[in-house]
Amino acid sequence: MIVILLGPPGAGKGTQAQRIEKMQGLVQLSTGDMLRAAVIANTEVGKKAKGFMEAGRLVTDKIVIKIIEDRIQEGDCKKGFLLDGFPRTLTQAKALDNMLDQKSLKLDAVVEIQVDDRDLVDRIIGRYTCTNCNQGYHGENLKPKVDGVCDDCGSTNFKRRVDDNQETVSSRLEAYHCQTAPLLPYYEEQGVLKVVNGMVDIDDVSVQINDVLSSLN
Ligand code: ADP
Ligand code: ADP
Ligand code: ZN
């Protein structure tokens, strides 16, 4: 199964992708996570991407397309994958279509997680993750069961993203509305777009996504 999670920054793509990965065994491919790893490792890609990410702007299509092209060749993607944060432009969407065509694979669904802009700011500002296993949390909405201890791995170290600040949020939302939102009619036309309400509890969003995914099997 090949599924895209689409939605603005803070909509809950990563949160839901982690859950789907655990439940369905579908590998999560997050271009944001891959780019952050490249920045930390100070690779050529990381050096090119850093400035764009810190400014809340999209990294160039060429860079992210190459990252995904390489990643989906790996063995763990043979049974399918879940794209989180890619594609984000029409150029990326068309490149993905070509990659899948060449492998005789098809896109099963694009799940749009709908959340109003005014809720996204709080989600982004409150977000943090486990340094060890990358499990996502939120200061108000999703705290670890034991204060300061990761539910998944027991680590006591957590981190916040440098771009999760008030200044970048508006440019990231603008990038979503201008550059990514045109993908919605594009996928609607392909007949693969499924819309879920992202303004309800995390569990309730998961239920909606699971319903979509089980209707595909
Ligand atoms: P995205 O990957 O789309 O940028 P995340 O999955 O990282 O978004 O979610 C952003 C923040 O909002 C996280 O801290 C997460 O815990 C929280 N969050 C995710 N889904 C919900 C929800 N349905 N209701 C409330 N908070 C949520
Ligand atoms: P969020 O879901 O909160 O927007 P991501 O982790 O998906 O965050 O992305 C973080 C940053 O990485 C983006 O603001 C952008 O600079 C870059 N990025 C991630 N994926 C892409 C992509 N497909 N195309 C261009 N830039 C990307
Ligand atoms: Zn952890």
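Since every read-out is calculated from the coordinates, none of them should be taken as a lab result. Computed from a predicted model, the values in this text were never measured in an experiment. Positions of Cβ are backbone-derived with ideal geometry, glycine not excepted, and every protein chain shown enters the neighbour counts.
Couple of notes before you dig in:
- About the Cα centre, charge dipole magnitude for region 18-136 (Lys/Arg +1, Asp/Glu -1 at Cβ), debye: 260 debye
- Summing +1 for each Lys or Arg and -1 for each Asp or Glu among the other residues whose beta-carbon sits under 12 angstrom from that of VAL115 gives -2.
- Cross-link pairs beyond the 26 Å C-alpha cut-off, checked among LYS48/LYS159; LYS22/LYS106; LYS62/LYS106; LYS22/LYS143; LYS48/LYS194; LYS22/LYS62: LYS48/LYS194; LYS22/LYS62
- Test item: Cα-centred dipole of the chain, Lys/Arg +1 and Asp/Glu -1 on Cβ, debye: 660 debye
- Cα pair count fraction exceeding 17 Å, expressed as % - region 164-217: 59 percent
- A prolate overall shape is assigned to region 115-183, the ratio a/c of its alpha-carbon gyration tensor axes (a ≥ b ≥ c) being 1.5 or greater and a/b exceeding b/c.
- Relative intensity of region 29-126 on a log10 scale, I(q)/I(0) at q = 0.18, 0.23 Å⁻¹, equals -0.97, -1.32, per a Debye sum over C-alpha point scatterers of equal strength in the absence of solvent.
- Positive dipole terminus of region 77-217, leading residue within ALA175, THR156, ALA109 (C-beta point charges): THR156
- Highest to lowest packing among 108-115, 143-150, scored as the average C-beta count within 10 Å: 108-115, 143-150
- Shape box of the chain [Cα atoms, principal axes, largest first, Å]: 47, 39, 36
- Region 150-195: C-alpha gyration tensor shape, a/c 1.5 cut-off, then a/b vs b/c: oblate
- Close amide H pairs (under 5 Å, H built 1.01 Å from N) link SER30 with ASP84, residues at least 5 positions away or on another chain.
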